[in-house]
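Visitor: What follows is a structure written as structure tokens; I'll ask about it next.
Since every read-out is calculated from the coordinates, none of them should be taken as a lab result. Here the structure is a predicted model, which means the values were calculated and not measured. Here the Cβ is made from the backbone with ideal geometry for all residues, glycine too, and neighbour counts use every protein chain on show.
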Amino acid sequence: MAPELIRGVSYDHKVDIWSLGIMIMEMAEGEPPYMDFPPLRALFLITTKGIPDLQHPEKWSSDFKDFTRRCLEKEAELRPDASELLQVQATPSNFLLTALLSLSLSLSLSWF
């Protein structure tokens, strides 16, 4: 849940950008941020600390990390909207595919 929603601010399009960032991070990491915490504690951490960095940043390009960081800007007024994100040199399609493949590999390895 986007920090502004947790704080009781009305829903707007920037919440969807936050959700995109969370989805990208979840595909890259295999689980959402703060998964090891109880739900209320996770919500508190999102509003106070934002989202933690990727666990293995060396696995990801600087474009991937930058795009994800932009989507997960804690302050909604500083978070880009979709039109701003589309102006970014790197589009999400390349690293979304990488994240999906990475997640698929990690899930298939966990079955053994």
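Visitor: Residue-wise, which Karplus ³J(HN,Hα) couplings in Hz belong to segment 79-87, taking 6.51 cos²θ - 1.76 cosθ + 1.60, θ = phi - 60°, and x for glycine or proline?
Guide: 6, x, 9, 4, 5, 5, 5, 5, 7
Visitor: Now for a different question. Order of 80-86, 62-68, 41-47 by packing, highest average Cβ count within 10 Å first?
Guide: 62-68, 41-47, 80-86
Visitor: Label segment 1-50 by shape, choosing from rounded, prolate and oblate, from the square roots a ≥ b ≥ c of the eigenvalues of the Cα gyration tensor; if a/c is under 1.5 it is rounded, and otherwise prolate applies when a/b is larger than b/c, oblate when it is not.
Guide: Verdict is oblate for segment 1-50.
Visitor: Name the shape class, rounded, prolate or oblate, that the alpha-carbon gyration tensor gives for segment 1-95, where a ≥ b ≥ c are the square roots of its eigenvalues, rounded holds for a/c under 1.5, and otherwise prolate holds if a/b is larger than b/c and oblate otherwise.
Guide: Here segment 1-95 falls in the oblate category.
Visitor: Would you mind ranking TRP18, TRP60 by Cβ crowding within 10 Å, fewest neighbours first?
Guide: TRP60, TRP18
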